[in-house]
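Notes follow once the structure below has been shown.
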Amino acid sequence: MSKARADARSVTKMIVWGRAGGRCQYRNCHERLDGDLASGNLNRNKSYIAHIVAAAHGGERGDPILSPQLADDPGNLMLMCNAHHREIDDPLKLDIYTVDVLRAMKHEHEDRVDRLLSIRPFKSSHILQVSAPIGENETAVSFDDCAMAVVAEAKLADRHSTEIKLRGMRHKDSDPDYYRIEIGNLRTRFDTDLRWRFEEGKIEHLSVFGLAPIPILMELGRLISDISDASVFGRHREPKPQWTWPNDREPLLFSRTVGPKGTKRVALKLSVTAEIADDRVVQAMGGGEVSIWEIRGSRLGASALRHQSDLTGFQMLAGRVFDEIRNQHGSDVELSVFPAVPVACAIEFGRVWQPKAHPAFDIYDEVAGIGFTHRHRIESQAALVGAA
């Protein structure tokens, strides 16, 4: 072999540099080898390329067969600082720095670099869009608008979303069979288009965008409750229509009011967008004794929710209130929910509910000219199967 080929080529050295992350591969050293802070020369190359099996038969750890074979092999080369390059080639220490010891150092270092650099700063998120007409109004969720909201905190997993449009019926959401049929359609589409992809690990993270009647969105939340790594987004009207969190006001704080004991009939008011009068709640439930609880935002209005942390605060309090209602009124409590909330809160409310820990509940929705009307019931899958 010629003298020019007795050592590593430039391209091989680049590979060694890359695998080492530009740092010394001697165990527990990890010194950065580009630039010198003491002299201020930040372009200085302080590295040495050290052979594990020497490039020449007569060198340290040389071998008559392996030396010429491995002289230009990146797997036989280590990136070293000056001190440790001299250390491993000290003739008096060759029994310490054997081929096996140096290979172990190299592999440990490169494995560590690979693990650290494989950690992505952003999640890879798949978009779920769910829409249904609300009253007389058709709704649509734009993929481009959703993508703009997602990239603020995650990486798009693909160019297409899973889109569930509930438009299979000609009647409106005020018709008696609307919720029974459309929620059935939602469950079917969710199982067909999404659930199996999570079970097979094809979706890492889910970004959820819903624009539909509140009872449908609460059911959507129940469906995604088993998906721990999901983010829910809300539609904002101000300062312009968008799904990206505006982050332009003081944080929204939530408090809860505890109802009196002594009855199994409990109403939970969710007062975020508007006030809900107690007499309307009692009337919707047919009169009689009702223990009325409330989760309330520190400011009310359709645009009250402005931060992702606002939604997190609502979710955490909702889970706690479920627990408190169960503890105070028993697991057999007859719970009814009266929501005046943004769409994101509706999804998170269904999502925080746990079938094995929390009581089933009925959802009432506002109907113009009529008042609150029973629309849907959230209960465990076992109860649903038993009822069927």
Considering only residues that are open to solvent by less than 90 Å² (accessible area, probe 1.4 Å) and touching a strand residue (DSSP E or B) at 6+ places or on another chain (Cβ under 9 Å), look in region 166-184 and name the one that is modelled with the highest pLDDT. I183
What's the number of the only condition in (1) touching a His at 6+ places or on another chain (Cβ under 6 Å); (2) exposed (fewer than 12 other Cβ atoms within 10 Å of the Cβ) that S67 fails to meet? (2)
Since E31 meets every condition but one in (1) over 20 Å from T12 (Cα atoms); (2) touching a Leu at 6+ places or on another chain (Cβ under 9 Å); (3) of a type in the set (D, E), which condition does it not meet? (2)
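In region 291-323, how many are hydrophobic (A, V, I, L, M, F, W, C), over 15 Å from A340 (Cβ atoms) and crowded, with 16+ Cβ neighbours inside 10 Å?
Filtering region 291-323 down to residues hydrophobic (A, V, I, L, M, F, W, C) leaves 292-293, 295, 300, 302, 304-305, 311, 314, 316-318, 321-322.
Retained after the next criterion (residues that are over 15 Å from A340 (Cβ atoms)): 311, 316-317, 321-322.
Now drop any that are not crowded, with 16+ Cβ neighbours inside 10 Å, which leaves 311, 317, 321-322.
Residues flagged as hydrophobic (A, V, I, L, M, F, W, C), over 15 Å from A340 (Cβ atoms) and crowded, with 16+ Cβ neighbours inside 10 Å within region 291-323 amount to 4.
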Name the strands (runs of 3 or more DSSP E) wholly inside region 266-385 in which the number of residues that are touching a Gly at 6+ places or on another chain (Cβ under 7 Å) is 1 or more. 291-297, 371-378
In region 173-237, which helices (runs of 4 or more DSSP H) lie fully inside it and hold 3 or more residues that are charged (D, E, K, R) and more than 15 Å from V343 (Cβ to Cβ)? 178-190
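The values are calculated or read from the model by the stated rules, or taken from the named source; none is laboratory data. Keep in mind it's a predicted model, so treat the numbers as computed, not measured. Reconstructed Cβ throughout: ideal geometry from the backbone, glycine too, with neighbour counts over all protein chains shown. Surface areas here come from the heavy atoms of the whole protein model, side chains and all, with no ligands, DNA or RNA. Shrake-Rupley method; radii C 1.70, N 1.55, O 1.52, S 1.80 Å.
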